[in-house]
Structure formats: C-alpha cells, structure tokens
1. Here is a check on your reading of the model: is residue 75 surrounded by 10 or more Cβ atoms within 10 Å (Cβ to Cβ), part of a helix (DSSP H, G or I) and either among the hydrophobic types (A, V, I, L, M, F, W, C) or under 33 Å from the mean Cα position of the chain (by Cα) (or both)?
2. Can residue 23 be described as modelled with pLDDT of 95 or more and surrounded by 10 or more Cβ atoms within 10 Å (Cβ to Cβ)?
Amino acid sequence: RQREAEQAEQKRLSQERQQEYEQRQQENEQRQRENEQRQRENEQRQRENEQRQRENEQRQREYEERQRKHEEDMEQFRISMEETRKMVAETNKHMGSITSRWGEFVENLVRPAAVR
C-alpha cells in the first residue's frame with residue numbers, strides 16, 4: 001500500500017513535470033514566434049528606410065543639378081551684364097564725342113553771327 005502511494009505520487013510528480021515542460025515549451029515557441037514577427041517587422045522597416053534613403057539621395061542629386069544649373073545661369077548672366085556694361089561705356093564714350101562735335105558745330109554756326 002505504501003509502495004502504491006509512492007508510485008502514485010511519483011506518477012503525479014512526473015505528470016506535473018511533464019505539464020510544466022510542455023507549458024515552458026509552448027511559452028518558448030510563442031516567444032520564438034514573437035521574435036520572428038519582430039524580425040520581419042524590423043526587416044520591413046529596414047526596407048522602408050533604405051527606400052527613403054534612395055529617395056533622399058535622388059532628391060539630393062536633383063537639388064545639386066538644379067544648383068549647378070543655377071550657377072551656370074548666374075555665370076552667363078554675369079557675363080551678359082559685363083558685356084552690357086562695356087557696351088554702355090562705349091556708347092557713352094561715343095555720345096560724349098558726338099556731343100563735343102555737336103557743340104563745336106553749334107559754336108561754329110553761332111560765331112559768325114556773333115561776329116556780325
């Protein structure tokens with residue numbers, strides 16, 4: 001009778017340990033599934049981050065191209081302004097010369113009348 005009680009107790013303890021083991025196994029499997037899900041989410045975020053990085057790099061290249069074009073346009077504008085400045089200076093020089101000659105012409109017209 002004592003032996004049967006001990007065997008029954010051993011069986012109960014063994015079943016209890018088996019249940020605990022199975023419970024831990026299920027918990028471990030659940031943690032593993034959660035870890036795998038987090039890993040998939042992390043990989044998805046990584047792909048999204050890489051896509052955003054590619055988009056940012058493309059925008060940066062476009063910005064740099066616009067900046068380069070703007071600098072070229074500004075250089076052309078500067079050259080054009082310099083050419084215009086030279087043309088204005090040359091025109092002013094010619095106008096000064098014409099004005100001087102016109103003044104001499106008028107003086108020559110007026111002088112004979114003043115002499116009379």
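The values are calculated or read from the model by the stated rules, or taken from the named source; none is laboratory data. None of the values given here were measured: they were computed from a predicted structure. Cβ coordinates were reconstructed from backbone atoms using ideal geometry, including for glycine residues, and neighbour counts include every protein chain displayed.
1. Answer is yes for this residue.
2. Values: modelled with pLDDT of 95 or more: yes; surrounded by 10 or more Cβ atoms within 10 Å (Cβ to Cβ): yes.
Spelling it out, residue 23 is indeed modelled with pLDDT of 95 or more and surrounded by 10 or more Cβ atoms within 10 Å (Cβ to Cβ).
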